[in-house]
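Notes for the one structure printed next.
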Amino acid sequence: MSAEAARMAAVRRYDILDTPPDGAYDRVAALAARLFEVPVATVTIVDEDRIWFKATHGLEGVTEIGRDPGLCASAVLTDDTTVIPDTLLDPVACSNPLVAGPMGVRFYAAAPIITADGYRLGTVNVLDTSPREISEADSATLADLAAVVRDQLELRLSALHVVRAEQERRKVEQDKRQAEEEARQRAERDKAAIAAFASTLQRTLVPPALPAVPGLELACHYKTASPQEVGGDFYDVFPVGGGRWAFFLGDVCGKGAEA
């Protein structure tokens, strides 16, 4: 995996791109503008083909720009704070649309947002329309603001992991309850089917009705011990010839199919 591919995998890991505005990041941008006394400050994430603004101060209505070299796209290539006192004197930055376009950026400074495992996700930037210098202490302050953004991203990622774990746990429980309910319904259907089968099979062992015997009144009552089990007990009344009738009663030991 290339270095840029690994960096983009880290960007995707934080799931921050195209998320709604967040007060924590907005305050970082506002604080950077106030500390450095500049009109514009931003918190950016460098995507594959764009610079996406997580927070802006003094740059209303802009959510992203192209990934043109010279400013954020170049600042994310190094661990150090990038400072360009006069963008028109920089051979790369001078052609960036923010410099050459209507905004006319002349000063740019950015500290990379570096993850704990060393990937640079984006930058915290300050921009001005006039050239200027900043001290090493100012560069360190900008780096501290980038570290604050990094910590906020880590907290957000931890919260996402907790939420997703809870969602997964609930899904597992829901699937379990659904499986149990389906098993219960299947067991009830099987129980009903077994009872119907046992009842049907039991009825095959006894005559459907007693015969009409002249001069004799016949009656019977047969009740199985369990509607789910087939017994071997049976009875019958049948003619044997010469005006004679036989009565037969079978009382089998045990219950179930073996009986």
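Quick rundown of the values:
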read-out	value
Residue in region 39-88 that is farthest from the chain's Cα centre (by Cα), counting only those that are of a type in the set (S, T, Y) and in a helix (DSSP H, G or I)	T87
Single match in D117, D79, D15, D49 (criterion: free of Cβ contacts under 8 Å to residues at least 40 places away in the same chain and assigned by TED's automatic domain parsing to the domain that holds D144)	D49
Residues (surrounded by 19 or more Cβ atoms within 10 Å (Cβ to Cβ) and either on the phi > 0 side of the Ramachandran plot or of a type in the set (G, A, S) (or both)) located in region 52-87	A55, G70, A73, S74, A75
Residue check, V28 within 17 Å of L121 (Cβ to Cβ), buried (at least 19 other Cβ atoms within 10 Å of the Cβ) and either modelled with pLDDT under 95 or touching a Gly at 6+ places or on another chain (Cβ under 8 Å) (or both)	no
Count of region 134-145 residues which are within 37 Å of the chain's Cα centre (by Cα) and without any contact (Cβ under 8 Å) to a residue 40 or more places away in the chain	1
Scope region 82-114; condition small (G, A, S) and either farther than 20 Å from A55 by Cβ or not assigned by TED's automatic domain parsing to the domain that holds D68 (or both); matching residues	A93, S95, A100, G101, G104
Counted residues, region 111-130 - those being farther than 12 Å from D79 by Cβ and modelled with pLDDT of 95 or more	9
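Conditions (1) modelled with pLDDT under 90; (2) farther than 30 Å from D117 by Cα, marked per residue:
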position: L157; (1), (2): no, no
position: Q178; (1), (2): no, yes
position: F197; (1), (2): yes, yes
position: T200; (1), (2): yes, yes
position: T204; (1), (2): yes, yes
position: G215; (1), (2): yes, yes
position: A225; (1), (2): yes, yes
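The values are calculated or read from the model by the stated rules, or taken from the named source; none is laboratory data. On a predicted model such as this, the values are computed, not experimentally measured, just so you know. Reconstructed Cβ throughout: ideal geometry from the backbone, glycine too, with neighbour counts over all protein chains shown.
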